[in-house]
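Enquirer: This is the structure I want to talk about, given as structure tokens.
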Amino acid sequence: MGMLIGALSSVFWGLVLLSILVFVHEGGHYLAARAFGVRVTEFFLGLPSRFKLSRKSKKCGTEFGVTVFMLGGYNRICGMEIAEDELLAPAFAIVQREGRVKVEDLAEELGIDVDRAYALLVGLADLAAIRPFYDPDLGEYPTQKEYPASFETLARDANMLTEYDKGHDFSLPGSTEVAQPRPLEDAEEQLAQESAKTYRGIGFAKRLLILCAGPLVNLILAFVLVTGAFMAVEYEVLDNVNVVGTVTEGSIAQAAGLEAGDKILQVGEASVSDWVDVSEALRAACEVGEDFPLVYERDGKRHEVVIDLPQDQKVEAIGVRASTHTTHLTFGEAAKHAVDYAKMVGGVAVRLIMPQHTMEVLEQSTSIVGVSVMASRAASAGIFEVIALLAAVSMSLGFMNLLPIPPLDGGKMVIEVVQLLIRRPLSPKAQAALSYVGVAFFVFVFVFVLRNDILRFVLG
């Protein structure tokens with residue numbers, strides 16, 4: 001029973017830690033997207049689920065909430081999927097004209113098959129230009145795997161702004177409700193305006209900033225935590241003065257009568273003025289191996305004793321230590337240590353994708369099992385250990401997501417650069433193929449480090 005409770009505790013703390021960091025990561029993407037006016041329809045703590053608690057923001061339209069599967073988080077940034085079809089604008093016009101349209105009816109009006117009609121409507125929904133309509137009479141619900149049979153218009157103000165757009169005002173005359181017809185004068189122009197408020201419609205530099213915002217937030221969080229941890233820890237610093245800090249119990253110095261607080265003035269024939277002098281003089285005297293005089297001051301009075309070294313025995317120290325004091329690192333000193341730590345973690349992440357170092361890095365890596373065990377131990381040890389582990393995992397998560405491997409953020413950045421160079425979007429098939437390769441690599445990584453963790457933490 002105790003082992004079961006311990007295992008559940010480990011899993012709980014591991015999930016809590018990873019959920020916090022993934023949620024923070026997604027928060028970076030969300031904040032960057034909203035800063036550039038990009039529509040974001042959902043931002044949740046936890047994995048997508050029909051069982052959730054949420055609230056829709058009146059200001060930005062985003063649905064904020066939490067799901068029962070509290071492992072990480074996600075947000076839905078509009079326009080992340082490629083929707084290239086010359087019939088997008090006509091399909092948009094039909095939905096706006098009717099208010100609500102069945103997929104079969106759209107397919108019939110446009111003279112296309114149902115699959116293409118679905119692709120058009122899903123593409124428009126991804127832009128948050130329209131939305132799916134889940135009909136309870138048909139047993140449809142928002143979290144079902146399949147899209148529903150119908151799609152409908154969004155509520156729009158007099159300026160055609162939706163709840164996801166900055167500056168919308170539904171109190172203006174001419175505003176329309178959800179599923180209310182709102183015919184378009186120029187569907188192509190209106191579709192361009194819709195796209196301009198999505199990820200695909202903003203400039204290259206802004207897209208890169210949205211992609212790197214998640215890892216950047218993880219790195220910033222780690223930097224703050226590491227810097228704060230270094231500043232919070234007390235460090236013992238030697239005082240370079242010729243005053244005895246401590247005398248070891250049962251040592252030669254104690255036998256000679258030396259006490260903490262004595263000020264050493266002379267060792268043998270050598271006068272000393274600081275602890276560096278004391279250390280060097282004592283080392284030299286011990287190397288000779290003969291008894292030597294030592295002069296010290298106590299309560300303003302000079303005393304002289306003979307340090308009696310054991311015969312035929314090498315002595316390296318007589319048992320006195322320097323006086324010390326505790327101090328804290330300054331922000332600059334702590335920040336430098338944090339930067340050095342970041343360089344080390346970043347170097348490990350880079351070596352992961354270097355074939356000659358991949359296996360070496362994997363041998364030293366850990367999975368969710370290892371993180372869970374370490375999180376449980378850290379929680380038992382205290383808040384400082386939890387913060388230190390949180391910082392370490394956050395920094396690793398940030399650097400890992402910057403690796404140029406789809407579907408990681410770094411891989412998406414590479415795709416953006418490639419598309420800029422070839423001046424056209426990569427096909428969905430090409431992007432999917434690259435993602436499959438990346439996923440296969442990380443499945444291998446996951447299985448390998450999971451095996452190591454089971455052998456290390458579970459089987460002992």
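No value in this document is a laboratory result; all are computed from the given coordinates. Because the structure is predicted, anything quoted here is derived from the model rather than measured. Cβ placement follows ideal geometry from the backbone for every residue including glycine, while neighbour counts extend to all protein chains displayed.
Enquirer: Kindly give the semi-axes, whole Å and largest first, of the ellipsoid equivalent to the stretch 193-290, taking each as the square root of 5 times a Cα gyration tensor eigenvalue.
Expert: With the √(5λ) rule applied to the stretch 193-290, the semi-axes are 65, 14, 11 Å.
Enquirer: Right, here's the next one. Short version: ³J(HN,Hα) in whole Hz for each residue of the stretch 310-316, in order, from phi by Karplus 6.51 cos²θ - 1.76 cosθ + 1.60 (θ = phi - 60°), x for Gly and Pro, what are they?
Expert: Taking θ as phi minus 60°, the curve returns x, 6, 6, 8, 6, 10, 9 Hz for the stretch 310-316.
Enquirer: Over the chain, calculate the relative contact order: mean separation of alpha carbon pairs under 8 Å at least 6 apart, over the residue count, as a percent.
Expert: 15
Enquirer: Report, in cubic angstrom per residue, the convex hull volume of the C-alpha atoms of the stretch 54-94.
Expert: Given the Cα convex hull of the stretch 54-94, per-residue volume reads 134 Å³.
Enquirer: Here is a follow-up. Taking only C-alpha pairs under 8 Å that are 6+ residues apart, what is the relative contact order of the stretch 118-172 in percent?
Expert: 25
Enquirer: Let me ask something else. Per-residue ellipticity at 222 nm for the chain, helices alone: DSSP H runs ≥ 4 residues times -39500 (n - 2.57), over residue total, nearest 500 deg cm²/dmol?
Expert: Mean residue ellipticity, 222 nm, calculated: -16000 deg cm²/dmol.
Enquirer: Out of Leu172, Leu71, Leu420, whose Cα points farthest toward the positive end of the dipole of the chain (charges: +1 Lys, Arg; -1 Asp, Glu; placed on Cβ)?
Expert: In the chain, that residue is Leu172.
Enquirer: Shifting gears a bit: Sum up the charges of everything whose Cβ sits under 13 Å from the Cβ of Leu329, counting Lys and Arg as +1 and Asp and Glu as -1, but leave Leu329 out.
Expert: Once all neighbours under 13 Å are counted, the net charge is -3.
Enquirer: Within the set of other residues whose C-beta is less than 12 Å from the C-beta of Ile318, count the net charge using Lys and Arg as +1 and Asp and Glu as -1.
Expert: In short, -1.
Enquirer: With no solvent and one point on each alpha carbon, what is the Debye value of log10 I(q)/I(0) for the chain at q = 0.09, 0.10, 0.11 Å⁻¹?
Expert: Result of the Debye calculation: -0.77, -0.88, -1.00.
Enquirer: Treating the beta-carbon of each Lys and Arg as +1 and of each Asp and Glu as -1, no other charges, what is the dipole magnitude of the chain about its Cα centre, to the nearest 20 debye?
Expert: Approximately 1060 debye in magnitude.
Enquirer: Let me ask you something else. Please name whichever of Gly61, Ala192, Leu221 sits farthest to the positive end of the charge dipole of the chain, dipole taken about the Cα centre and charges placed at Cβ: Lys and Arg +1, Asp and Glu -1.
Expert: Most positive-ward Cα: Ala192.
Enquirer: Calculate, for Glu189 and Leu238, the FRET efficiency according to 1/(1 + (r/R0)^6) with r their C-beta to C-beta distance and R0 45 Å; round to the nearest 0.05.
Expert: Working from the Cβ atoms, E equals 0.05.
Enquirer: Based on the mean of other beta carbon atoms within 10 Å per residue, what is the order of 298-309, 58-69, 114-125, 18-29, most packed first?
Expert: 18-29, 114-125, 58-69, 298-309
Enquirer: Further question on the same structure: If Lys and Arg each add +1 and Asp and Glu each add -1, what is the summed charge of the other residues whose beta carbon sits under 10 Å from the beta carbon of Pro293?
Expert: Neighbour charge sum, excluding Pro293 itself: -3.
Enquirer: Please state the charge dipole magnitude for the stretch 137-226, taken about the Cα centre, from unit charges on C-beta atoms (+1 on K and R, -1 on D and E), reported in debye and rounded to the nearest 20.
Expert: Dipole of the stretch 137-226, to the nearest 20 debye: 680 debye.
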